[in-house]
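Visitor: For reference, the structure I am asking about is given below.
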Amino acid sequence: MFVLPLLGGVALRVVAELGYRPALWFWADSFVYVNAGVDPQPLESRPSGYSLFLWGLWPLRSFTAVTVAQHLLGLAMGVLVYAVVRRRGRLPGWGAALAAAPVLLDVHMVQLEHLVMADLLFTFLVTAGIAVVLWWRRPPVWAAVLAGALLTAATLTRTVGLAVVVVVLAGMVLGRAGWRAVAATGLVAVLGVGGYAVWFHSVHGSYGLGQSNVWLWARTMSFADCSKMRVTGEERVLCPTGPRLTPPKYIWDAESPLAAVEKDADRERLSGRFAREAILAQPLDFLRTGVGDALWAFEWTRRVYPTKGPQSAYVFPRAVDPFDDKEASGGKSAPELTAAYQGTRGDTAVVEPYAGWLRAYQTQGYVRGPLLAAILLLGLAGVVRRWRRLGAPVLLPWVSAVVLLVVPPLIAAFDHRYVVPVIPVACVAAGLAFGRRAARPSGPGPEVTTTASLETGPLLGEGLRYTGRRRKGNMT
């Protein structure tokens, strides 16, 4: 049964490669990543994990190779969901295939894979890290180290991964994974994040994963009321005036109060101070705004900010304009940056009829909001059903999915690009929610029963079971 959605997922990705060559771009984030991929450096406003991924693929000198690698990671996520649900949930093949289908067949997942952006890599690293933790009831130390490395890499790709690391460590403690496994995962995370913070300090003069106070400030502008806040210093210039804008517009719009602050260092300092005061003065408004925006993910029709360009909705577009010569990143234009990476310009060519096939499929072929809500509710039902055992193993992937859904709109803004990474871990939780428990040996009461189980493969559940019964000297 799993072969059917797997082949469907392969077909979608092949058509994407044929229809949009060599890749899709998001202005100007894609080119910021490419610039740091050609010249590795800690980016100022975001972690550089994806740029290091591009740097690792640079010897292939091809953005086609980048998108192929990302499509393979997307397929690997579907395999991981299927395998974990089969092993820990003991579901039949059709049930596990159903759990993996949204990952393999969602067109917006395929679009993220074809986009030169960090989100797909982040989604794979989170899914793989959680899958490693769930593979064993008590993970061996080497597996805990691997899980820690994957989740640390996810954090260095998108900072929201840090919240997932905390959730996974808490889940390991509650699930009694063993102190060695918990310590190994935590130590790897501390060393990885700490090492990156030192690298960041060597370039930018401060410890961290990035300087992004302006994003949190823009989020608070949705509710901030300076009459309720203690803003008496320089940061008062950032108080909202006029009609409220969407958070991204507060960062880029010429009419934003931020435009009155000229120096980047002052912007970072003042926006951080303002955001802190806004959250402390209006904590309920902060939570209401972020959680309220997160609920947009459950609407039937995808909600997008009214920005220009077909990529605002993260879809496969009908047409893509060629690159222009304006600066994209690091003082270089998009043609210069893409040529530096692969030797030739990377303008997107839309090739028919393949592109038309994808555009037709994307009208219906994705996880609509109510279906995502149903998947999350199935996981929650599994947590409640197993509350006596702290919801294990459903609790860990379900809480991770909720964190991935709520944290981005809470600290930045709602964007469907942030919703798609929820799907794989939510499907794992839903698949494990009603999995079968391990069978118990049966036999007459007076017998002395010994049981030894051996796990012999990734998909066999309990594996082989040997039961010996001894009665009055006879072995049966």
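Taken together, the values in this text are just the output of simple stated rules run on the coordinates, not laboratory data. Treat the numbers as computed from the prediction; the structure is a model and nothing was measured. Neighbour counts are summed over all protein chains in view; Cβ atoms, including those assigned to glycine, are modelled from backbone coordinates with ideal geometry.
Visitor: Debye sum, Cα scatterers, region 136-215, no solvent: what log₁₀ I/I(0) at q = 0.12 1/Å?
Guide: One equal scatterer on each Cα of region 136-215 leads to -0.37.
Visitor: Here's a follow-up. So for the chain, taking the charge dipole from beta-carbon charges (+1 Lys/Arg, -1 Asp/Glu), which of F26, N213, L98 sits furthest toward the positive end?
Guide: L98
Visitor: Follow-up question, since we're still on this one. Report, as a whole number in µm² per second, the diffusion coefficient that Stokes-Einstein gives for region 265-368 at 20 °C and 1.002 mPa s using the Kirkwood radius over alpha carbon pairs.
Guide: For these conditions, the coefficient is 118 µm²/s.
Visitor: When the gyration tensor of the chain is built from Cα positions, what are the square roots of 5 times its three eigenvalues, in whole Å, from largest to smallest?
Guide: 42, 28, 22
Visitor: Can you compute the helix-only [θ] at 222 nm over the chain? Use -39500 (n - 2.57) per DSSP H run of at least 4 residues, normalise by all residues, nearest 500 deg cm²/dmol.
Guide: My calculation for the chain gives -18000 deg cm²/dmol from helical runs alone.
Visitor: Further, regarding this structure: What is the local net charge at S62, summed over the other residues whose Cβ is closer than 15 Å to its Cβ (Lys, Arg +1; Asp, Glu -1)?
Guide: Its environment carries a net charge of +1.
Visitor: For a bin width of 10 Å, list the pair-distance distribution of region 63-190 built from all Cα-Cα distances, rounded to whole %.
Guide: Per 10 Å bin, starting at 0, the Cα pair percentages come out as 14, 39, 35, 12, 0.
Visitor: So how do M229, M221 line up by other beta-carbon neighbours within 10 Å, fewest first?
Guide: By the 10 Å Cβ count, ascending: M229, M221.
Visitor: Can you compute the charge dipole magnitude of the chain about its Cα centre, using +1 on each Lys and Arg Cβ and -1 on each Asp and Glu Cβ, nothing else charged? Give it in debye, rounded to the nearest 20.
Guide: 2960
Visitor: Pop out the ³J(HN,Hα) list for region 235-243 in order, Karplus 6.51 cos²θ - 1.76 cosθ + 1.60 with θ = phi - 60°, rounded to Hz; leave Gly and Pro as x.
Guide: Couplings: 5, 5, 5, 8, 4, x, 9, x, x Hz.
Visitor: Can you compute log10 of I(q)/I(0) for region 1-115 with the Debye formula, treating each Cα as one identical point scatterer, at q = 0.09, 0.14, 0.21 Å⁻¹?
Guide: Listed by q, the Debye log ratios stand at -0.30, -0.66, -1.05.
Visitor: So which DSSP H runs in the chain come out at 27 Å plus along the axis (Cα) with average Kyte-Doolittle of at least 0.0?
Guide: For the chain, where a helix must reach 27 Å along its axis and average at least 0.0, the hits are 63-89, 179-204.
Visitor: Rg (Å, one decimal) plus Dmax (Å, integer) for the alpha carbons of region 213-295?
Guide: Using the Cα atoms of region 213-295, the pair Rg, Dmax is 11.8, 36 Å.
Visitor: Next question, about the same structure. In terms of modelled amide H atoms, which long-range or inter-chain residues lie less than 5 Å from the amide H of Y20?
Guide: Sorted by chain and number, the residues that satisfy this are V351.
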